[in-house]
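Only one structure is covered here, and it is reproduced in the block below.
The values are calculated or read from the model by the stated rules, or taken from the named source; none is laboratory data. Only a predicted model underlies this, so the values are computations on that prediction, with no experimental measurement involved. Cβ atoms come from the backbone with ideal geometry, glycine included; neighbour counts cover every protein chain shown.
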Amino acid sequence: MKKPPVKPVFSSLEALFDEIDPSGNNSLSTAVKTDRRTFLKISGAAGAGFVLAFSLGGKVEAASSKRRAELNAYIRISPEGSIFIHSKNPEIGQGIKTAMPMIIAEELDADWNDVKVEQSPINENIFGRQNAGGSRSIASNWDTMREAGATARGMLVQAAADRWRVPAKECTTEKSFVFHKKTHRKIPYGDLANEAARLPVPLDGTLKLKDRRDYKLLGRRISGVDNYALVTGQPLFGIDQALPGMLYAVYEKCPAVGGIVASANLDAIRRLPGVKHAFVLPGNGNEQELLPGVAIVATSTWAAFQAKKQLNVSWDESGASKDSWGELEKRAQALGNQPGKETLYEVGDVDAAIQSSAQSIDSFYSFRFVAHASLEPQNCTAWYRNGEIQLWAPTQSPGRGLASVANTLGIEEDKVTIHQTRAGGGFGRRLVNDPLCEVAAISRHIKAPVKLQWTREDDMTHDFYRAGGFHSFKGGIDSAGKLAFWQHHLITFSHDGEKPVIAGAPRQPAHEFPAQLIGDFRLTQSMLPLKTRCGLWRAPGSNTYAWALQCFLHELAVAAGRDHLEFLLELMGEPTWLPPKNLYGLNTGRAADVIKLAAEKAGWGKKLAAGRGLGLAFHFSHAGHFAEVAEISVSESKKVTVHKVTVAADIGPVINLSGAENQCEGSVIDGLSTMLGLEITMENGRIQQSNFDTYPLLRIRNAPTVNVHFIQSDNPPTGAGEPALPPLAPAVCNAVYAASGHRVRTLPLTKEGFFT
Amino acid sequence: MPDFHLTLNGKSRIIKVDDGSTPLLWVLRDTLGLVGTKYGCGIAQCGACTVHLNGAPIRSCLLPVSAVDGEEVLTIEGLANKDGTLHALQQAWIDFDVAQCGYCQAGQIMSAAALLEQNPNPNDMEIEGAMAGNYCRCGTYNRIKAAIHAAAVMISQRGSGK
Ligand code: FES
Ligand code: FES
C-alpha cells in the first residue's frame, strides 16, 4: 500500500488540546464576538416558514486557518409551529444537545415543547469547530445563541405588529405566541413564520437581550432531548448503526505499542465459520490514526470475535514499547530526592525562604495511569465506494476525524463524510479518531460496508491513557503559621525526550495553583522516557495536579496547626482576578465564595464520631471555580465509606440545572471510582488490565450522596463536564486524614491498603 | 442452520443462527436488529446487556442462544405497556433526566424492571442489591435510585398496571 503523506498538524492531540483548552495558550482569547449583520435569514420556497441562519463558534480560528466564519446553525420555524434548532457539536453525555437549544429558545420565548433538535452534519468549513472537549461549547457560543434567539423573536414580533397594525413595542411574547395584550389578541409563531421570513433582519442595537432574572427556561431542570429514544432502546449510538449488506470487522494490533506484524495464520482464519476476509494492514506511521495490525471481517460480530481468538500473530517488537511501571516507579522515586532537571517557573527566592522559614515539610506523591473505559467500546461503521467514504462515528472530534481519515486513505477531505452518532461516553478518548481510520482502511480493502467493533479488551489495552506521575514537594511555614514557600518537583514522562507527554505537566506554570498566590515559588520538572500512548482524560492535567497540590496544602495547614478552611481562604487573600478579566484565569473572590459555601453546606467544623472526617479541596479549571467537601468514615481495617460529597460551584449562570447537576454528580462519582481502585500498569510494553474484572469501576452501593450548590454569578456561563472532577480526590484524601490520621500519598487508594 | 424458537417481547419467533453458541446479545443485535441491548464487556461484569429470561434479569453477553430455545425473552424494546404507554420506569427515567451518555441505561432499566416485579416497594439497600451488576461509567447511580423509587410509587398509584 502506498503511504500517504503524513499531515501531523491534523492528528496531533497537542493541537487539539490547545483548541479545546485555551488556558494553555498564550493568547488566552476567549470571547467570540458576534455581529448581527452576520445573521442571515433564508426564506426558502414559499410557505416553508422562517429560517434564521447564523454562525456558531467558527470565528475563533478564522484568522489562523482556512476555516471560514460562515453561517452554520439555524432556527427554523415551520408554519405548523414546530421550532427546529440545529445542534452542531457531538453529544457524548455532556448534555450539549439540550443545553445549546435551550439558550436560543429562552431568547426566542419558545415553548420548549415545540422545539425539535436536529444534529448537524460534519463540515468544519461550514460549521467551524465541532468538538466535545474542554467544557467549552457553552462559553464560546453564549452570546451568539442569545442574539440568534432574540433576533428571530424580534422578527416574529414585527410580523405580528404589521398584521395587527400596532407598534411592535406594544407586543409581548410567551410560549411561542406573540401577544397584543391591549386588544387581547395573540398569534402562534407558526402562523407568523412565512410573514417573518419576508422581513429584513433587524439592525444592531435594536434588540435587547433578557436580563438573567427574567429567564423562564434557563436555570430550570430540563430533561434531555434524546431521553425518550434512550429509554425505548432506539438506535442512537455508533454501535447501533447498520447498513445494507454490512459486514463485521475486528482489528488486532500489537499488545505492545509500536510492534509490527511479522506473520499471521491468515489462511487458518479465513477457513473459520463466518469469516469473509483476513488481511494485514501495514499502518500509516501515525499512532493516532492507523497502527499496523490484522483485520478479520466476518458475517457477524460474534463470528469476528471468535475468529480473533484463534488468531496467531507473530509481532516484530524491535521498535515496540518495553515500558514497565515497576521500573518507572523506582526511577521516579530516586529522582524525587534530587532537584528537577529543568525549571518551569520560579518567582521570589525559594532558597532563601527555605533557610529562613520556621518549619518545612517534604512529601512525595505518586499516581498511576488510568484508562477512559467509556462504556461503549470503540467502534465505527464505514462504506467506501467510488473513491469516497462515509462514516457513522461516535467521536468527540469529528472535524479532526475528517482530516485523519483523509490522511489515512490519501484522499481529499471533501471525499470524506462523517455522520455523527451519539457516543456512549467520551471522557477524552474519542478525541482521537483511530477507530475511524481503521474502519476506513478496512472498508476500502474489502470494498463493502463494514462495522468495526473493538472488544472491551481492545479498548482497554489500546487506549490513550491518562499518564501517571509523581510530585515531590517541599513547603514551608513561617513563624506566624502562614505559607512561606512552595517548591515542587514534577516527575512526568516524555515520548521524545524534549517535551512532556500530553497533559503531563502544566502548560502555563505561572497560572497553575498556587504559583499565582505566593511570593517564593519554584516548579521544576524531570521526565522519564515512555512509549505508552497518552491522551486527554476528563479535566486533563487538573485531574491529577489538583489531588497532589490540594493534599499537600492540607499537609501544610496541619503542620502549621491551622484550620484547613481558614488556611485556604487566607491563601486566596483579597478578591483578585489573575489575569484580570480572563475567563480562564483564577478569580480569588469567586474561589473564596465557593470554598465558604461548600464548607457551610457540609457543616465544616461540626462534631463527628470517631473514625469519621471531613475533607476539603478547591480547584479552578476549565473556567470553573469548584470547592468540594467529602464526609467519610475509615474503619480500623481501613475500609473507606464515602457518605456524602458537597459540591459548590461557580460556572456563571446555569443553563440546564438538571444537566449541570448531573455533570457534577457524575464527575464526583467518576473521580471517586478512579481514585479508589483504578490503575493501568504496563509490563514489557503490555497493558496489564484488559476488562472490568481487573479494572473495576465503582458500583451503585459505593456511590455517595452528592449535593450540588451553584453560585449563579453574572460571569459568562462555562461548562460543567470537567471542573467538578479535580477537587474530589484531594477532598476524599484530606477526609481520610481527618478520619484516620493516615496521609494518602499514592493513588489509587487500594495501593495504601484501603478498600471499600 | 439450526432454528431456535422463542417468545421475544411477547411474540413467538423462529430464529436462524449459524452457530447455536452465539450469545443471545449478538443474536438480538446483529440477527434481529434489536440494538437497545448493549455490549459493554462480554464477561458479565457491566450489565449493559441485561434482558429478562422468563422474567429474571440475565446478562445476554454470555448466554448462548441455544440455551434460550423455547423460553421467553424480554428486551428494552418490548418493555413499554401493551397500550403503547411507557413503563413507569421508562417514564421515571425521563422525568428524572437520569441518562448522561445513556449507554448503560437500557440495562439499568431492565434490571430495575425485574426488581419491581419481585419487590414493588424496594428500599435503598434492596435497590443496591438488585442493581449491583450494572455499571454506569457516567456515574448516574443516585438518579437511578431516585427514579426507581418514583416508578414504584407510580406503579402503586396506577394499581395493577405499570
Ligand atoms: S456486556 Fe454483558 S455484562 Fe457487560
Ligand atoms: S449514562 Fe453513560 S454509562 Fe450510564
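Points worth noting:
- If the condition is being hydrophobic (A, V, I, L, M, F, W, C) and more than 8 Å from chain A (Cβ to nearest Cβ), then the stretch B:15-26 contributes B:I15, B:V17, B:L24, B:L25.
- Selection status of A:V225, of a type in the set (V, I, T), without any contact (Cβ under 8 Å) to a residue 12 or more places away in the chain and within 12 Å of chain B (Cβ to nearest Cβ): no
- Looking at B:G78, B:G36, B:G55, just one residue is more than 15 Å from ligand 2 (Cβ to nearest atom) and in contact with a helix residue (DSSP H, G or I) (Cβ under 8 Å, 6 or more places away or on another chain), and that residue is B:G55.
- Residue satisfying all of: in the stretch A:279-293; among the hydrophobic types (A, V, I, L, M, F, W, C) and crowded, with 23+ Cβ neighbours inside 10 Å; nearest to A:N265 (Cα to Cα) among these: A:L291
- Residue within the stretch A:263-271 that is within 14 Å of another protein chain (Cβ to nearest Cβ) and at pLDDT 95 or above present: no
- Matching residues, the stretch A:173-187, being exposed (fewer than 14 other Cβ atoms within 10 Å of the Cβ) and in contact with a helix residue (DSSP H, G or I) (Cβ under 9 Å, 6 or more places away or on another chain): A:K181, A:K182, A:T183
- Counting the residues of the stretch B:35-57 that are more than 15 Å from ligand 1 (Cβ to nearest atom) and either more than 21 Å from B:L115 (Cβ to Cβ) or facing another protein chain (nearest Cβ under 10 Å) (or both) gives 0.
- Residue-level check: of (1) in contact (Cβ under 8 Å) with a residue 40 or more places away in the chain; (2) within 11 Å of chain B (Cβ to nearest Cβ); (3) of a type in the set (D, E, K, R); (4) closer than 17 Å to A:F755 by Cα, A:E679 misses just (2).
- Scanning the stretch B:129-137 turns up at least one residue that is buried (at least 17 other Cβ atoms within 10 Å of the Cβ) and more than 15 Å from ligand 2 (Cβ to nearest atom).
- Across the stretch A:586-597, not a single residue is classified as assigned to a loop (DSSP other than H, G, I, E, B) and of a type outside the set (K, R).
- Condition broken by A:I411, with the remaining ones in (1) more than 14 Å from every other protein chain (Cβ to nearest Cβ); (2) crowded, with 23+ Cβ neighbours inside 10 Å; (3) among the β-branched types (V, I, T) satisfied: (2)
- Residue in the stretch B:62-85 that is facing chain A (nearest Cβ under 10 Å) and within 30 Å of A:V668 (Cα to Cα) present: yes
- Conditions (1) among the β-branched types (V, I, T); (2) away from chain B (no Cβ under 14 Å); (3) within 30 Å of B:I43 (Cα to Cα); number of the one not met by A:I632: (3)
- For the stretch B:34-51, the set of residues classified as buried (at least 24 other Cβ atoms within 10 Å of the Cβ) and not β-branched (V, I, T) consists of B:G36, B:K38, B:Y39, B:G40, B:C41, B:C46, B:G47, B:A48, B:C49, listed by residue number.
- Close Cβ contacts (under 7 Å, 6 or more residues apart or on different chains) running from residues in the stretch B:116-135 that are more than 14 Å from every other protein chain (Cβ to nearest Cβ) and without any contact (Cβ under 8 Å) to a residue 24 or more places away in the chain to residues that are surrounded by 14 or more Cβ atoms within 10 Å (Cβ to Cβ) and part of a helix (DSSP H, G or I) comprise B:N119/B:E126.
- Search result, residues across the stretch B:43-52 that are at positive phi and within 16 Å of ligand 2 (Cβ to nearest atom): B:G47
- A count restricted to the stretch A:686-704 and to residues that are facing another protein chain (nearest Cβ under 7 Å) and assigned to a helix (DSSP H, G or I) stands at 2.
- The stretch A:666-685, residues that are crowded, with 20+ Cβ neighbours inside 10 Å and not β-branched (V, I, T): A:G666, A:S667, A:D670, A:G671, A:L672, A:S673, A:M675, A:L676, A:G677, A:L678, A:E679, A:M682
Yes/no matrix, rows are residues, columns are (1) over 30 Å from A:W325 (Cα atoms); (2) within 14 Å of chain B (Cβ to nearest Cβ); (3) in a helix (DSSP H, G or I):
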| residue | (1), (2), (3) |
| --- | --- |
| A:H372 | no, yes, no |
| A:A382 | yes, no, no |
| A:I389 | yes, no, no |
| A:R400 | yes, no, yes |
| A:H419 | yes, no, no |
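- Whichever residue in the stretch B:89-115 is without any contact (Cβ under 8 Å) to a residue 40 or more places away in the chain, under 13 Å from the mean Cα position of the chain (by Cα) and within 8 Å of chain A (Cβ to nearest Cβ) and, among such residues, is farthest from ligand 1 (Cβ to nearest atom): B:Q90
- Among the residues of the stretch B:81-98, the one identified as in contact with a Leu (Cβ under 7 Å, 6 or more places away or on another chain) and more than 16 Å from ligand 2 (Cβ to nearest atom) is B:H87.
- Tally, over the stretch B:17-33, of residues that are crowded, with 19+ Cβ neighbours inside 10 Å and either within 16 Å of ligand 2 (Cβ to nearest atom) or at pLDDT 95 or above (or both): 9
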